[in-house]
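Down below is the structure, laid out as structure tokens.
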């Protein structure tokens, strides 16, 4: 990945913001299809049909661009899960099941790209820590919203954190195992734990 500095970032006008979103969408589509390996400003510029100088006008370098691409991909994942949840039961367990089925059935490439982002955060936290920290900040509010409204905020946060950490492990298992039976068995146990938590209300 290349670093580049010295160019002025877009001032944030309505026209500039629209252009930035257009570029980001094209680059995000490229990353979703081709992954993060060899990601650079030049590759991003090629996929967006522009130059790296134009990208540096709209983004604060390659790390900023990468962070926004990963954020956009997570937003796609969250949107897919929320669509599935909207058609599910009103219980916490039912919402967690629907969200997991959406995650389990999503495109392998999307899952792989988001795992690559977490790998970068672990491999080089000095440079990519935001990719890791940003994940929890994005996912937790959605999982908190699944919890019964009458629960205290701390309880919602604790249960949502448990669900998030567990589902992350299952997603890794799906990528690294041949049949996903471990993730299926683990999810059944998680669902029982969520159901017990819910009935203890």
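The values are calculated or read from the model by the stated rules, or taken from the named source; none is laboratory data. The structure displayed is predicted, hence computed values, not measured ones. Ideal geometry is used to build each Cβ from the backbone, glycine not excepted, and the neighbour counts take in all protein chains shown.
Apart from one condition, residue 197 fits all of (1) outside any helix (DSSP H, G or I); (2) surrounded by 17 or more Cβ atoms within 10 Å (Cβ to Cβ); the exception is (1).
Please enumerate the residues belonging to the stretch 11-25 that are within 21 Å of residue 116 (Cα to Cα) and surrounded by fewer than 14 Cβ atoms within 10 Å (Cβ to Cβ). Of everything in the stretch 11-25, just one residue is within 21 Å of residue 116 (Cα to Cα) and surrounded by fewer than 14 Cβ atoms within 10 Å (Cβ to Cβ), namely 25. Considering each residue of the stretch 107-157, count those that are assigned to a loop (DSSP other than H, G, I, E, B) and modelled with pLDDT of 85 or more, and give that number. Selection size over the stretch 107-157: 7.
Out of 99, 93, 81, one residue alone is under 30 Å from residue 18 (Cβ atoms) and in contact with a helix residue (DSSP H, G or I) (Cβ under 9 Å, 6 or more places away or on another chain). It is 81. Looking at 135, 117, 121, just one residue is under 19 Å from residue 171 (Cα atoms) and buried (at least 20 other Cβ atoms within 10 Å of the Cβ), and that residue is 117.
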